[in-house]
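The structure appears right after this line, and notes come after that.
The values are calculated or read from the model by the stated rules, or taken from the named source; none is laboratory data. Values in this document were obtained by computation on a predicted structure and should not be read as measured data. Backbone-built Cβ (ideal geometry, glycine too); neighbour counts: all protein chains shown. Note: areas computed on protein heavy atoms with side chains; ligands, DNA, RNA excluded. Shrake-Rupley method; radii C 1.70, N 1.55, O 1.52, S 1.80 Å.
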Amino acid sequence: MLRLDTENEDIMFELKRPLGKLYPNFEDAIEEIRSSKFLISVGDATFNNLTKYELYPNIGIIDNLIQRKNHTHDVIRADHILKADNPAGTITDDLWETIGKALELSNPGECYVIDVAGEEDLAVLPCIIMANPETTILYGQPNEGLVLLKVSDLKNKAQKLIDGFIEE
């Protein structure tokens, strides 16, 4: 298991900044989202916004919380639902393995949801490291908007951030 080193100011600073292009309005990103070959969404609000527009990611990672408040999805249209345990501030082996399994099993047109018991916030990093370079990842930047990133642009940066975590 990897634990976020909250005393490492460099990592904390980098994780608070958007890793990709920030869209203050979700609607402004729809065209680019639709053109994505493979799409991963991280976070409940992002997943909700996608499904509101009948856009379904290949992989959606949720924890049933939006800004630390309980949230339940009225309807989840997913072909497969996987479960992972991942306490706040960590990236567990279970989360790594579940993301890997979803990446391995997913086919075009299918939606896999990873329902995380704990917190999914840091799942963006293993997704960047493991996903195909052509993958697009979406996640919410709290109180700022939607972040859209291309995996090919961030593999080295994600690995550098992960290297700064504490291995337990």
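Residues are listed down the side, and each one gets a yes or a no for (1) in a loop (DSSP other than H, G, I, E, B); (2) touching a helix residue (DSSP H, G or I) at 6+ places or on another chain (Cβ under 7 Å); (3) open to solvent by 10 Å² or more (accessible area, probe 1.4 Å):
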| site | (1), (2), (3) |
| --- | --- |
| Leu103 | no, yes, yes |
| Asn107 | yes, no, yes |
| Asp115 | no, no, yes |
| Ala123 | no, yes, no |
| Ile129 | no, yes, yes |
| Leu149 | no, no, no |
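Do we find a residue being more than 24 Å from Leu55 (Cα to Cα) and out of contact with any Leu (no Cβ under 8 Å at 6 or more places or on another chain) anywhere in segment 140-151?
The answer is no; no qualifying residue exists.
So which residues in segment 1-48 are farther than 25 Å from Thr92 by Cα, open to solvent by less than 50 Å² (accessible area, probe 1.4 Å) and touching a residue at least 40 places away in the same chain (Cβ under 8 Å)?
Within segment 1-48, Tyr23, Phe26, Ala29, Ile33, Ser36 qualify.
Please work out which residue is nearest to Ile99 (Cα to Cα), limiting yourself to segment 131-147 and to residues that are open to solvent by 10 Å² or more (accessible area, probe 1.4 Å) and under 10 Å from the mean Cα position of the chain (by Cα).
Tyr139
Out of segment 151-168, which residues are surrounded by 13 or more Cβ atoms within 10 Å (Cβ to Cβ) and in a strand (DSSP E or B)?
The one that is surrounded by 13 or more Cβ atoms within 10 Å (Cβ to Cβ) and in a strand (DSSP E or B): Ile166.
For segment 129-157, which positions are free of Cβ contacts under 8 Å to residues at least 60 places away in the same chain and under 19 Å from Asn86 (Cα atoms)?
Across segment 129-157, the qualifying residues are Ile129, Met130.
Give segment 21-50 a look and list any residue that's part of a loop (DSSP other than H, G, I, E, B) and either within 24 Å of Val116 (Cα to Cα) or among the small types (Gly, Ala, Ser) (or both), or say none.
Of the residues in segment 21-50, the ones part of a loop (DSSP other than H, G, I, E, B) are 24-25, 35-38, 43.
Listed by number, the residues that qualify are Ser35, Ser36, Phe38, Gly43.
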